[in-house]
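Remarks on the structure that follows.
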Amino acid sequence: MSPTHRESERPRCPFCAEPFGRPPESHPNREGDFYKWVCLCGAIGAYDATGHNLGDALMEAIASAYDDDWEKALSMEADKDYEIRYLDCYHPGDHRILQGYRTYKSGLAAFVFVKVKAPKHVH
Ligand SMILES: [Zn+2]
């Protein structure tokens with residue numbers, strides 16, 4: 001980590017603010033091949049190196065959150081069963097978040113995080 005990078009630019013999980021490492025170089029030409037990992041807080045992160053395929057990255061992250069059970073994943077509802085948070089304006093070369101840019105216009109990368117909500121015990 002370069003000391004010139006401000007702490008606010010450090011890529012962090014949008015759920016728990018845990019910093020995460022640089023994703024491996026990906027292959028944007030291969031569809032459905034998003035780098036995914038599980039954060040300490042249980043959120044699934046998916047990396048979209050192009051910033052253009054976040055919808056697909058999101059679907060993969062949701063499927064991962066449900067153990068790659070697509071049928072189950074598709075039956076779940078956003079905001080009710082799981083939460084979605086985005087992290088965009090990611091500069092892969094510098095491994096930092098740029099402020100004030102628009103991902104899809106500037107050729108930056110983006111992440112999407114999915115976290116399954118804990119079952120509520122209402123009684
Ligand atoms: Zn987290």
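Here are some notes:
- Per-residue SASA entry for Arg10, accessible area with 1.4 Å probe, Å² rounded to 10: 80
- Taking all protein chains as they are arranged and a probe of 1.4 Å, the heavy atoms of Glu77 leave approximately 100 Å² accessible to solvent.
- Accessible area per residue for segment 31-116 is 53 Å², calculated with a 1.4 Å probe on protein heavy atoms, without ligands, DNA or RNA.
- Debye log10 I(q)/I(0) at q = 0.12, 0.21, 0.24 Å⁻¹ for segment 31-116, Cα point scatterers: -0.34, -0.94, -1.13
- The accessible-area ordering, largest first, of the residues Leu98, Leu74 stands as Leu74, Leu98, per a 1.4 angstrom probe.
- Since only Met76, Met59, Cys41 are under comparison, the one whose Cα sits farthest along the positive direction of the charge dipole of segment 31-116, derived from C-beta charges on Lys, Arg, Asp and Glu, is Cys41.
The values are calculated or read from the model by the stated rules, or taken from the named source; none is laboratory data. Fair warning: this is a prediction, and the values are worked out from it, not measured in the lab. Note: ideal-geometry Cβ built from the backbone for every residue, glycine included; neighbour counts use all protein chains shown. Accessible surface is based on the protein model in full, side chains and every heavy atom, while ligands, DNA and RNA are left aside. Shrake-Rupley method; radii C 1.70, N 1.55, O 1.52, S 1.80 Å.
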